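Enquirer: Here it is, the structure, as structure tokens.
The values are calculated or read from the model by the stated rules, or taken from the named source; none is laboratory data. Note that the coordinates shown come from a computational prediction; the quantities given were computed from them, not determined experimentally. Because the Cβ atoms are built from the backbone with ideal geometry, glycine has one as well, and the counts that use them run over all protein chains shown.
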Amino acid sequence: MPKKESQHIENNPAFKGLAVNDGIEQPDSVNQDSVKKFLKKKRKLLSPEEYVDGILKGDITLLSRAVTLVESSNPKHQEVAQEIILKCLPHSGKSVRLGITGVPGVGKSTFIESLGSYITSVGHKLAVLAIDPSSERTKGSILGDKTRMEELSGNKDAYIRPSPSSGSLGGVARKTRETIILCEAAGFDTIFIETVGVGQSETAVHSMTDFFLLLMLAGAGDELQGIKRGIMEMADAIAINKADGANKEKAEMARVQYANALHLFPMKDSNWEPKVLTCSAAQHTGIKEIWQLIVEYQELAKKNGYFAKNRNKQAYYWMYETINEKLKNEFYQSPEIKSILPEFEGKVLNDEISSFTAAGKLLEIFEKSKKAGSDKE
């Protein structure tokens, strides 16, 4: 092979005593063929039995892949996911489901890591899930928490699953509930369901958990300001975080305030009297006491029959929620509705038709399109 002529002018005979080598020819920064092969290669969809077998053996990779199917909107994926859930159902229900919420900046990530590390140290297996239907618009979510909870992320007895980043609350909540079933079948006996901020998603979390924990701060203005009565009523316990250093005294004062406020609410169906504790997730103080309180609640609720009764009530609730979600999706995905909806929106905005009349007519159109479709079949 003839030697390629040097491109360096310095090697011209006119320049005596100077020689510059061409050096080694540099390869492409990325192997294009490998990239193409990788992009073409699709992850093989396993049979429901293969996923279930892996989940029951505690295979985290197959558990994650099954959860991805649950979260997918692909009809084929959903079909497989529902079979997996059905087969995992007999192996679920043996965990304690703990809902955790709190105002922004309360230190949820640190608290979850601190409590999670403690309970795994005493022999429990933990799965951390989230309900966050719009994490792009909120101030925090478990999508970021996973990177912050370094200790828990590397814990072999803990599994952290980021939630879907967008979608309706009902859809995300239903998928989270289905994920709980898979995690329980995989051997996780403690499930944390985290919700972002203090808002609508708390109701969804409460409807799928056994114990609802509200995290609060002390020394941030009026302690009860901005806390909705409904969320306070849902709480089985309030934990005042960051009770350390100069903030310790303020945290104790806040504890008394919250305890007095809780006495104003009626007795819970579980006959449990909500408690208020202080803790410092950063210093790992008060964490053990919070877990002992949760255990105490479990014992009481199981003894008086409320635990099983509540689980049955939740299953009933989610049956109807799933029906509502599926009907709503079917309505908005209908080609007939998609094409005519903007026209009706305009009429409502221009006061040409009332909101109620518009809804009625749209439902009539939807029903006719459904009937026409079934007649063709």
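Enquirer: Across the range 275-297, which residue is farthest from Thr120 (Cα to Cα) among those that are of a type in the set (S, T, N, Q) and surrounded by 15 or more Cβ atoms within 10 Å (Cβ to Cβ)?
Expert: Thr278
Enquirer: Mind checking which residues of the range 158-208 are at pLDDT below 95, within 22 Å of Glu296 (Cα to Cα) and not in a helix (DSSP H, G or I)?
Expert: Ile193, Glu194, Ser207, Met208
Enquirer: Pairs please, first residue from the range 112-125 and part of a helix (DSSP H, G or I), second anywhere and small (Gly, Ala, Ser), Cβ atoms under 7 Å, 6+ apart in sequence or on different chains.
Expert: Once the first residue is part of a helix (DSSP H, G or I) and sits in the range 112-125, its partners that are small (Gly, Ala, Ser) give Ser114/Ala281; Gly116/Ala158; Thr120/Ala158.
Enquirer: Give the residue, chosen from Asn350, Asn312, that is closer than 18 Å to Thr209 by Cβ, exposed (fewer than 11 other Cβ atoms within 10 Å of the Cβ) and of a type outside the set (Phe, Trp, Tyr).
Expert: After ruling out the rest, the residue left standing is Asn312.
Enquirer: Of all the residues that make up the range 258-274, how many are out of contact with any helix residue (DSSP H, G or I) (no Cβ under 6 Å at 6 or more places or on another chain), crowded, with 16+ Cβ neighbours inside 10 Å and not hydrophobic (A, V, I, L, M, F, W, C)?
Expert: 1
Yes/no matrix, rows are residues, columns are (1) of a type in the set (Gly, Ala, Ser); (2) modelled with pLDDT of 95 or more; (3) farther than 26 Å from Glu113 by Cα; (4) part of a helix (DSSP H, G or I):
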| residue | (1), (2), (3), (4) |
| --- | --- |
| Ala282 | yes, no, no, no |
| Trp291 | no, yes, no, yes |
| Val295 | no, yes, no, yes |
| Leu300 | no, yes, yes, yes |
| Asn312 | no, no, yes, yes |
| Ala315 | yes, no, yes, yes |
| Glu321 | no, no, yes, yes |
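Enquirer: While we're looking at this one, here's another question. For the range 327-340, state whether one or more residues are of a type in the set (Lys, Arg), over 29 Å from the mean Cα position of the chain (by Cα) and modelled with pLDDT under 95. Give the steps one after another, and end with the answer.
Expert: First, the residues of the range 327-340 that are of a type in the set (Lys, Arg): 328, 338.
Next, from what is left, pick out any that are over 29 Å from the mean Cα position of the chain (by Cα): 338.
Now narrow it down to the ones that are modelled with pLDDT under 95: 338.
Looking through the range 327-340, at least one residue is of a type in the set (Lys, Arg), over 29 Å from the mean Cα position of the chain (by Cα) and modelled with pLDDT under 95.
Enquirer: When the range 215-257 is examined, which residues are found to be at pLDDT below 80 and either more than 23 Å from the chain's Cα centre (by Cα) or not in a helix (DSSP H, G or I) (or both)?
Expert: Gly219, Ala220, Gly221, Asp222, Glu223, Leu224, Gln225, Gly226, Ile227, Lys228, Arg229
Enquirer: Criterion first (part of a helix (DSSP H, G or I), among the β-branched types (Val, Ile, Thr), at pLDDT below 95 and under 19 Å from Ala130 (Cβ atoms)) does Thr101 satisfy it? First the steps, then the outcome.
Expert: On the way: part of a helix (DSSP H, G or I): no; among the β-branched types (Val, Ile, Thr): yes; at pLDDT below 95: yes; under 19 Å from Ala130 (Cβ atoms): yes.
It is false that Thr101 is part of a helix (DSSP H, G or I), among the β-branched types (Val, Ile, Thr), at pLDDT below 95 and under 19 Å from Ala130 (Cβ atoms).
Enquirer: Continuing with the same structure: Here are some residues: Phe344, Phe366. Which one is under 34 Å from the mean Cα position of the chain (by Cα) and surrounded by 12 or more Cβ atoms within 10 Å (Cβ to Cβ)?
Expert: Phe366
Enquirer: Here is a list: Ile290, Ile240. Which entry is touching a residue at least 60 places away in the same chain (Cβ under 8 Å) and within 25 Å of Val106 (Cα to Cα)?
Expert: Numbers: Ile240 fails: touching a residue at least 60 places away in the same chain (Cβ under 8 Å).
Within the list Ile290, Ile240, the selection yields Ile290.
Enquirer: Follow-up. Just checking: which of the helices (runs of 4 or more DSSP H) contained wholly in the range 31-89 hold 1 or more residues that are of a type in the set (Phe, Trp, Tyr) and at pLDDT 90 or above?
Expert: By residue number, 48-56.
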